[in-house]
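> I'd like to ask you about the structure that follows.
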There are 4 protein chains.
Amino acid sequence: MIKVGIVGATGYAGCELVRLIGSHPEAEVAAISSVSFEGKKISDVYPSYIYLNDMVCENADEVVRKSDVVFAALPHGLSQELAAECKKNNVKFIDLGADFRLESEDEYTEWYGGTFLDKALHEESVYGLPEFFRDDIKGKSVIANPGCYTTCSPLALAPAVVNGLIEMKGIICNCASGVTGAGRKPVQGNHYPELNEGFHAYKVACHRHTPEIEQTLSRLSGEKVTVTFVPHLLPVNRGILATCYADVKEGVTYEDLRKAYEDYYKDEFFVRVLPEGMCADIHNIKYSNFCDISVHFDKRAGKLVACAAIDNMVKGAAGQAIQNMNIIFGLDEKTGLDIIPPAF
Amino acid sequence: MIKVGIVGATGYAGCELVRLIGSHPEAEVAAISSVSFEGKKISDVYPSYIYLNDMVCENADEVVRKSDVVFAALPHGLSQELAAECKKNNVKFIDLGADFRLESEDEYTEWYGGTFLDKALHEESVYGLPEFFRDDIKGKSVIANPGCYTTCSPLALAPAVVNGLIEMKGIICNCASGVTGAGRKPVQGNHYPELNEGFHAYKVACHRHTPEIEQTLSRLSGEKVTVTFVPHLLPVNRGILATCYADVKEGVTYEDLRKAYEDYYKDEFFVRVLPEGMCADIHNIKYSNFCDISVHFDKRAGKLVACAAIDNMVKGAAGQAIQNMNIIFGLDEKTGLDIIPPAF
Amino acid sequence: MIKVGIVGATGYAGCELVRLIGSHPEAEVAAISSVSFEGKKISDVYPSYIYLNDMVCENADEVVRKSDVVFAALPHGLSQELAAECKKNNVKFIDLGADFRLESEDEYTEWYGGTFLDKALHEESVYGLPEFFRDDIKGKSVIANPGCYTTCSPLALAPAVVNGLIEMKGIICNCASGVTGAGRKPVQGNHYPELNEGFHAYKVACHRHTPEIEQTLSRLSGEKVTVTFVPHLLPVNRGILATCYADVKEGVTYEDLRKAYEDYYKDEFFVRVLPEGMCADIHNIKYSNFCDISVHFDKRAGKLVACAAIDNMVKGAAGQAIQNMNIIFGLDEKTGLDIIPPAF
Amino acid sequence: MIKVGIVGATGYAGCELVRLIGSHPEAEVAAISSVSFEGKKISDVYPSYIYLNDMVCENADEVVRKSDVVFAALPHGLSQELAAECKKNNVKFIDLGADFRLESEDEYTEWYGGTFLDKALHEESVYGLPEFFRDDIKGKSVIANPGCYTTCSPLALAPAVVNGLIEMKGIICNCASGVTGAGRKPVQGNHYPELNEGFHAYKVACHRHTPEIEQTLSRLSGEKVTVTFVPHLLPVNRGILATCYADVKEGVTYEDLRKAYEDYYKDEFFVRVLPEGMCADIHNIKYSNFCDISVHFDKRAGKLVACAAIDNMVKGAAGQAIQNMNIIFGLDEKTGLDIIPPAF
C-alpha cells in the first residue's frame, strides 16, 4: 500500500483527498495535517467522516516522515519549502496549489507576487495534466497539479488546437464554477442567502488561472497564446462548466472538428466526448474524475463552441492528483477513480 | 384606470403580469384567459394568489371585449390573429410572444416556421425595447415585447455599438437563464432532481433569440451583424446574466468604454451601470425591472466584456411589457415598476 | 408622512425594513444607523439597493432625533437603552429584538441572561402580535415585535387553543426556517457548500423562542403552557413552516377544528386559512406579510396537525413591525403591505 | 460473482442500484429491464452513465432468466407476480416496492387497495430492515425492502421502544424528504421553479408509509402502536430527516436514553449515534448507506426528540436492498457499501 500524507487536509481539496484515498485499493492515508486544526480530528471538521475516519491532524513534518507521497493543498507560496523537504526525504510530492504550475518565474511573480525559491526544484517539477503530458509525468517526483479552470478549459480546446483547426487569437474561456472552488472559509459573498439564487462573473479577465490556461494552450499549439478568461460563480456545490469560443479556420467543417475530438480522446478513459446533440452538464460528472465534452459549431459566425464539464473537486483537484499519483507509482491510471457518477 | 386583459394568464409570464398589474396605480386586471385552465381560478393554478386574486379564466374573446389593452403571453404563431382582433376593437396589443418581433418575414419563417398572416399589421407593429426605441413606441397600438435574452444582450452591448467602439464581427453573447424562462410545463430536464446542482448550455448557436439579438444590434450599428449566442440553464428560478464579448477597436481604452456606458444610460431609470469593480449579479435585480450592467476590459486580449443582469420574468417579459404600456398610454414609464429589488 | 428611523439597518431585518418602508405610501425612511457600517451607504452593503437608496448609515442618536418612530433590529440586550431614549424624545419605538418580548423578568434572565433595566418601560411595552393583541397595541409607544418562530407557531394553534379544542399539555412545534433567520454574519454552518443540500434540527428543545411561544399560548388559553419546540434549518433564503401537533379533546371533529379556524381568522387579512386538501407552503407567501394556515386531523391518533407558513423576514420581522406601526399611527393595518406574493 | 437483475432499472431507485452494484466487488449487473424504455440504453435515460454502463433495457422475463437475484423497483401491485416467477426459477427476489411489506392483508387492502395474490409467498417473505430483523433475513428468498420513511423513523425510535423508555401512545414522526423520493416522473409540484425555495407537508397523517412504521414499532414493542406520521418535501435531491417525538416514561433521564441508543446500535456499522451536542443532518450521509441518529431530551416537557438522517435512495432504497442481498448471500453486510460519505 502506498502511504499517503495530506498537508492541508481540512480544506475542501484536502478532505476530498482523504475521502478518495479512503476507497483507493492501493493506497491509504498515513497522516494528515492542518495548521488551523492541528490536534483535532478531521471528523470534527467534517462530521460526514465521523467514526469512519477520525484521524487527528498533525503537523507537516510528521506527515512527510510517515508518507511515500505527500499531497499539499495549501495557499500559494507555502508549497515550495515543503516540496524541498519531501525531496530531501525521498518522498514524492504532488502540489494542489499554484507554486509549481507556471514555468515562467516572471509570470509567477506577476500573477502571484512571489519568486521561485529553489529553481532546480522548479526545473524538476512537471505539470500534471495527464491527458496532455502523461509521458512527462512518469517517473517524476514533484508534480504541479493543475487548477480547476485550467483543467477543463484546455481539455475543451485541445483537439482543435493540436490539429490546427482554430485561430489561436481571440480565444474565450467563459467558465462557471460551483462554490467549493472558493474554499471552506466563510465569506460574505458565499454566505448562503447572498449566493443562493444568484449568478455573477468575478475577477473578469484578471483571474490567476489565466496564465496557466495560456501556458497549456501555448505548449499544445507551439505558439504564444493569449486568452480571455472570465469565471462566474454558480449556486451549486460542485462542478465547473467551461464554454470556450474560438474562430474556426477557413474551410474547417463540423465533421472535421468532431473527428478531431473523437480521435484525440479515443483512448482517454476520463474524457467523454458526448454524441452530437448532447451538451456537457456538470450534473453528470459530479463526484467523479470524468470530463464531459460537447463540440458545437456556429456555422453562421464561424465559431467553435466547446463545452467541458468537470467536478472542480475531483478532476479539478483531488481526483486528478490521484490520477497523477497512479502514474508516478506505475499503477493503472484509473485505480480508485473508476466509479460511475451518480445520476442525481 | 386602464383596463388590462391578459391572454395566456396561467403561464409564468402571464401570471407575473397579473401580479405586477395588481400593484400598478393606474391599471387593473379586467379579464384573464387561459386555454388550459378556462373556467378555473388563477389562484387554483398559483396558490400564492389565493383570496387576493381569484379571477376566473375566460376565453380570449371575452378578454378583448373587456380591455383597453391586451397582453398576450402565448406560444408563437397564436398572436397574429389576436392582434388583428384587438385592432378591430380598437384595443392596444402588447405581445410577449415572438410573432411580431422579427421585421423580416424570411427570418421569421426560417427560425419559427410560419408566415406573416397580416403584413399591414406587421408593418404597424413596433419592437418594444424602450431604452433604444422609445420614440417609435409612443402612440403605437401593436407592440412586440422583446424576449428575455434579447433584452439583456443588446443592453449589455449598445453603448459600445452605438459609439463604434467595438468590431461588429465576432460578437459573442454567452447567457445563463433561470428555469422560469423554460415555462411552466413540467419536462424531464426541469424536474427538480435533474436540474438541481446542474449547469449546461443548450441550443448552442441555434436558439431562436439569435436573429432577434442580431436585428437589434444591426439597427443600433447600422450594419448587418451576426452574433454567436449560447444560452445556458441555471439552477435558479429567476434571472438572466448575459456575458458579452467583442473585440475593441484599436486605441479604445477602458475609460472610453466606461464613459460611453455612463453617458448612454445616464437618463435610463431601469439601467444601472455599476461602479468600476462590481460585477452584475442576477441576485440584485430579482423581482424588479432593473438591468444591472458591468463593463470590463481585457486589455491583454483587446476584448470588451460586458455583463448585464435582468429578471427574465420582469425586464425580460412582464415588467418590460408594462413599461411599454406606460409609454403608449402616456404614463410615466416607471409607474408601477419603481420598487427596490429585495436584498435576498 | 411618518418619518421612520431604522437602527441596525444593515442586518437582514433592518434592510428589509428599508425596502418595505420604501414602498409604503404614508411613511419614509428618514435615517438609518449601523454600528458596523457607520459612514457607509446601505447600498454598499446591499448592492440591490444601488442608486435607489444610497442613504448613509449614521449613529443611533441621529436616527432618534430625525424620526417619528424608530425600528430597532439589534442583538438582544441593546434595545432597552434605545427605547428609553426614544421615550424621552417622544418617539415611538418598535423593537424587532427580544428585549421586551418576555413579560417575566425571571424568564428573560433565564433564557437571555440579562435583566430589565427600566421596569416601568417594560410595563408600558406591549407584545405586538396584532392578530391576537390588536387592541392592546393601539396607542402604545413601545412595541415588542415578536420573533419569527413565535409568530407562526401560535398563529397555527390559536383557534384550537382559544376554543378549547385541544389539550394544552404535550404540544409540539416542529419548525423549519430559511437561512436569513440566522442573520447576515457568515458562519461555517451557513457557508453555501455546507448548508446546501442539507437539513437538520438545531437547539433542540432549548431555543430562546420557546418561552415566548409558551407566553402567547398561555395568554390565549388562560393556563400555563409548556411546549416542545424544535427548529430546523432549511436550505432556502426565506420562509418558516411551523408544523404543530396537539392532542384533540374527546369528541372534537375535523369539522369543529375547521370551523374554529375559519371563524377565528375570518376578518384577518394577513391570515389565509387554506381550503381543505391544501398544505401551507413557504413558497406561496415569500416576500409578503401573509400567514398561510392548513388544518389537518389525524383521526386515527386523535391529533391536530396545523401548519403555518410565513416569510420569516416579513410577517416574522419587518412586515409585522410595519403592521404594528400602522396600528399605532392609526393607519389601515394593510397599508404598504397588501401585495400579492409572487408565484415563484 | 452474483448475477444481479434489476427490474424497473430506469426509475430513481433502479438506476441507483445499477450504480451501486457497479462498484460492488462480489456482484455484477447481469440484466436490466424497464417498461418505458425497453430497447433503450440506461445511459440514454441517465447521461451520467454514458460509456460506463450502456446496458440495454430488456423485459422482466429476460432479467429473471439471467440473474441469481432480482431487485424490483416497481409501482405497488406489480411485484407479486414477478416474485412468483423468481421463486419458480429459484432466483432470489428483493422487492423495493410495497407489495410484501405489510404482514396484514387487510392493512394492505386498506392502504394500497389490492389483495395478496399468493398467500404462501407472503408468508415466506421477510421484512428486510437488517438492524432489527437480521436473523429472520438470513437464508430467505423473498425480501420486502422497507420504504424510506419507514427505515429512518423506526431507526430513530427503536432503542427507546425496545427498552421501554417511552410511552407507545402519541408518537409523532415528523419527516422531511428530498425530491428523488417522489420519483422520476415530471409533475407540476416538482417542476423546478415551483419546488425550489419551497417547503410544505403533504399527505398529512394519511401517507401509505404509516401502517409500515406502525408495524415495525409494534413488532419491536410487542404492543399495537399508532403513530402520527407527517411527511414534508424538501428542496434537495437526496436525504430524509425523521424528527420523532415521544413521551418519556416517568423517571427516565437523558443518560438512560443516551445509553440505550449507544448500546442498541453499538455493533451496527451503518448506524452512527452522534455524540451529545450534534444534530443528525442529511448533509452528512448523502450517497451512503449510513443512518445518523441524534438523541435529545426535552426535560421541561418530558419528551424524547430523536432525529435520524438517511439518504432516501441508499439506506432508504438501493443501499439497504444491497445490504439485504449481502445477508442472504452470506457476504459481509458492508460489502460494496463501506464508503465515506462526501463532506459536501
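The values are calculated or read from the model by the stated rules, or taken from the named source; none is laboratory data. Being a predicted model, the structure only gives us computed values, none of them experimental. Methodologically, a virtual Cβ is constructed for each residue, glycine included, from the backbone with ideal geometry; neighbour enumeration extends over all protein chains shown. Just the protein is used for accessible areas: all its heavy atoms, side chains included, with ligands, DNA and RNA removed. Shrake-Rupley method; radii C 1.70, N 1.55, O 1.52, S 1.80 Å.
> Are any of the residues in the range B:34-41 open to solvent by 50 Å² or more (accessible area, probe 1.4 Å), over 22 Å from B:T115 (Cβ atoms) and small (G, A, S)?
Taking every residue of the range B:34-41 in turn, at least one turns out to be open to solvent by 50 Å² or more (accessible area, probe 1.4 Å), over 22 Å from B:T115 (Cβ atoms) and small (G, A, S).
> Restricting attention to the range D:233-242, does a residue exist that is of a type in the set (S, T, N, Q) and surrounded by 20 or more Cβ atoms within 10 Å (Cβ to Cβ)?
Among the residues of the range D:233-242, at least one is of a type in the set (S, T, N, Q) and surrounded by 20 or more Cβ atoms within 10 Å (Cβ to Cβ), which makes the answer yes.
> Also, I was wondering about something else. Residues being in contact with a strand residue (DSSP E or B) (Cβ under 9 Å, 6 or more places away or on another chain) and either free of Cβ contacts under 8 Å to residues at least 12 places away in the same chain or within 14 Å of chain C (Cβ to nearest Cβ) (or both): count how many of those fall in the range B:327-340.
The qualifying residues number 2.
> Please find, among D:A98, D:A30, D:A60, the residue that is more than 24 Å from D:P146 (Cβ to Cβ) and out of contact with any Asp or Glu (no Cβ under 6 Å at 6 or more places or on another chain).
D:A30
> Also, quick follow-up: Looking at C:K87, C:K92, can you tell me which residue is closer than 17 Å to C:N324 by Cβ and in contact (Cβ under 8 Å) with a residue 60 or more places away in the chain?
That would be C:K92, the only listed residue that is closer than 17 Å to C:N324 by Cβ and in contact (Cβ under 8 Å) with a residue 60 or more places away in the chain.
> Take C:S153 and decide whether it is crowded, with 24+ Cβ neighbours inside 10 Å, closer than 21 Å to C:Y108 by Cβ, polar (S, T, N, Q) and touching a Cys at 6+ places or on another chain (Cβ under 9 Å).
Spelling it out, C:S153 is indeed crowded, with 24+ Cβ neighbours inside 10 Å, closer than 21 Å to C:Y108 by Cβ, polar (S, T, N, Q) and touching a Cys at 6+ places or on another chain (Cβ under 9 Å).
> Of all residues in the range A:128-150, count the ones that are open to solvent by 10 Å² or more (accessible area, probe 1.4 Å) and modelled with pLDDT of 95 or more.
Residues meeting the conditions: 10.
> So which of B:A9, B:A31 ends up being open to solvent by less than 10 Å² (accessible area, probe 1.4 Å), closer than 18 Å to B:G183 by Cα, more than 10 Å from every other protein chain (Cβ to nearest Cβ) and not β-branched (V, I, T)? Working first, answer last.
Values: B:A31 fails: closer than 18 Å to B:G183 by Cα.
The unique qualifying residue is B:A9.
> Considering only residues that are part of a helix (DSSP H, G or I) and either more than 14 Å from every other protein chain (Cβ to nearest Cβ) or of a type in the set (V, I, T) (or both), which ones fall in the range D:48-72? Before you say what the answer is, go through the steps one by one.
Applying the first criterion (part of a helix (DSSP H, G or I)) to the range D:48-72 yields D:48-49, D:60-66.
Within the range D:48-72, D:A60, D:D61, D:E62, D:V63, D:V64, D:R65, D:K66 meet the criteria.
> On to the next question. One residue is enough: does the range B:86-95 have a residue meeting the conditions assigned to a helix (DSSP H, G or I) and open to solvent by 40 Å² or more (accessible area, probe 1.4 Å)? Explain how you work it out, then say what you get.
At the first step, the residues of the range B:86-95 found to be assigned to a helix (DSSP H, G or I) are B:86-88.
Imposing the further condition that a residue be open to solvent by 40 Å² or more (accessible area, probe 1.4 Å) reduces the set to B:87-88.
Among the residues of the range B:86-95, at least one is assigned to a helix (DSSP H, G or I) and open to solvent by 40 Å² or more (accessible area, probe 1.4 Å), which makes the answer yes.
> Which members of the range B:251-270 meet the condition of being of a type in the set (G, A, S) and surrounded by fewer than 17 Cβ atoms within 10 Å (Cβ to Cβ)? Walk me through it before giving the result.
Step one: list which residues in the range B:251-270 are of a type in the set (G, A, S), which gives B:251, B:260.
Within the range B:251-270, just B:G251 meets the criteria.
> To continue, here is another question. From the list A:E194, A:E212, which residue is touching a residue at least 60 places away in the same chain (Cβ under 8 Å), among the acidic types (D, E) and not in a loop (DSSP other than H, G, I, E, B)?
The conditions single out A:E212.
> For D:C206, which of the numbered conditions (1) open to solvent by 30 Å² or more (accessible area, probe 1.4 Å); (2) touching a residue at least 60 places away in the same chain (Cβ under 8 Å); (3) assigned to a loop (DSSP other than H, G, I, E, B); (4) of a type outside the set (S, T, Y) fails to hold?
The number of the failed condition is (2).
> So, one more: Hey, among D:V4, D:V63, which residue is within 22 Å of the chain's Cα centre (by Cα), open to solvent by less than 10 Å² (accessible area, probe 1.4 Å) and either at pLDDT 95 or above or of a type in the set (K, R) (or both)? Break it down stepwise before answering.
Numbers: D:V63 fails: within 22 Å of the chain's Cα centre (by Cα).
Unique residue meeting the criteria: D:V4.
> Taking the range B:12-28, which residues are over 21 Å from C:H283 (Cβ atoms) and within 11 Å of another protein chain (Cβ to nearest Cβ)?
Of all residues in the range B:12-28, those over 21 Å from C:H283 (Cβ atoms) come to B:21, B:24-28.
Correct list: B:I21, B:P25.
> Looking at (1) surrounded by fewer than 17 Cβ atoms within 10 Å (Cβ to Cβ); (2) assigned to a helix (DSSP H, G or I); (3) within 21 Å of the chain's Cα centre (by Cα); (4) not small (G, A, S), which is the only condition B:P75 fails?
Answer for B:P75: the failing condition is (2).
> Across the range B:177-201, which residue is nearest to the other protein chains (Cβ to nearest Cβ) among those that are small (G, A, S) and under 20 Å from A:A201 (Cα atoms)?
Only one residue tops the list, namely B:G198.
> Would you be able to say whether some residue in the range B:109-126 is within 29 Å of B:D267 (Cα to Cα), in contact with a strand residue (DSSP E or B) (Cβ under 7 Å, 6 or more places away or on another chain) and part of a helix (DSSP H, G or I)?
Yes.
> Hey, B:N324 hits all of (1) open to solvent by 10 Å² or more (accessible area, probe 1.4 Å); (2) touching a Pro at 6+ places or on another chain (Cβ under 7 Å) but one; which does it fall short on?
Result: B:N324 passes all but (1).
> Does the range C:261-273 contain any residue that is touching an Asp or Glu at 6+ places or on another chain (Cβ under 9 Å), at pLDDT 95 or above and within 29 Å of D:E214 (Cα to Cα)?
no
> If you go through the range C:296-314, how many residues are touching a helix residue (DSSP H, G or I) at 6+ places or on another chain (Cβ under 6 Å) and within 15 Å of C:G128 (Cβ to Cβ)?
1
> Here is a further query. Could we say that A:F329 is in contact with a Phe, Trp or Tyr (Cβ under 9 Å, 6 or more places away or on another chain) and modelled with pLDDT of 95 or more here?
Criteria not met by A:F329.
> How do the pairs read when you match residues in the range C:25-38 that are without any contact (Cβ under 8 Å) to a residue 60 or more places away in the chain with residues anywhere that are open to solvent by 80 Å² or more (accessible area, probe 1.4 Å) and hydrophobic (A, V, I, L, M, F, W, C), using Cβ under 6 Å and keeping only pairs 6 or more apart or on different chains?
C:E28/C:M1
> State all residues of the range B:163-176 that are polar (S, T, N, Q), more than 7 Å from chain A (Cβ to nearest Cβ) and either open to solvent by less than 20 Å² (accessible area, probe 1.4 Å) or not in a loop (DSSP other than H, G, I, E, B) (or both); if no residue qualifies, say none.
Once the filter is applied, which keeps residues that are polar (S, T, N, Q), more than 7 Å from chain A (Cβ to nearest Cβ) and either open to solvent by less than 20 Å² (accessible area, probe 1.4 Å) or not in a loop (DSSP other than H, G, I, E, B) (or both), the range B:163-176 yields nothing.
This table checks each residue for (1) among the β-branched types (V, I, T); (2) over 22 Å from B:C15 (Cβ atoms); (3) open to solvent by less than 40 Å² (accessible area, probe 1.4 Å).
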position: B:T180; (1), (2), (3): yes, no, yes
position: B:Y202; (1), (2), (3): no, yes, no
position: B:E214; (1), (2), (3): no, yes, yes
position: B:L217; (1), (2), (3): no, yes, yes
position: B:L220; (1), (2), (3): no, yes, yes
position: B:V227; (1), (2), (3): yes, yes, yes
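> Got a number for residues in the range D:284-316 being assigned to a helix (DSSP H, G or I) and either at the interface with chain C (Cβ under 10 Å from one of its Cβ atoms) or open to solvent by 10 Å² or more (accessible area, probe 1.4 Å) (or both)?
Qualifying residue count, the range D:284-316: 1.
> Between a residue in the range B:150-168 that is among the hydroxyl-bearing types (S, T, Y) and any residue that is surrounded by fewer than 24 Cβ atoms within 10 Å (Cβ to Cβ), which pairs come within a Cβ distance under 6 Å, given they are 6 or more apart or on different chains?
Note: pairs meeting the criteria are B:T150/B:H209.
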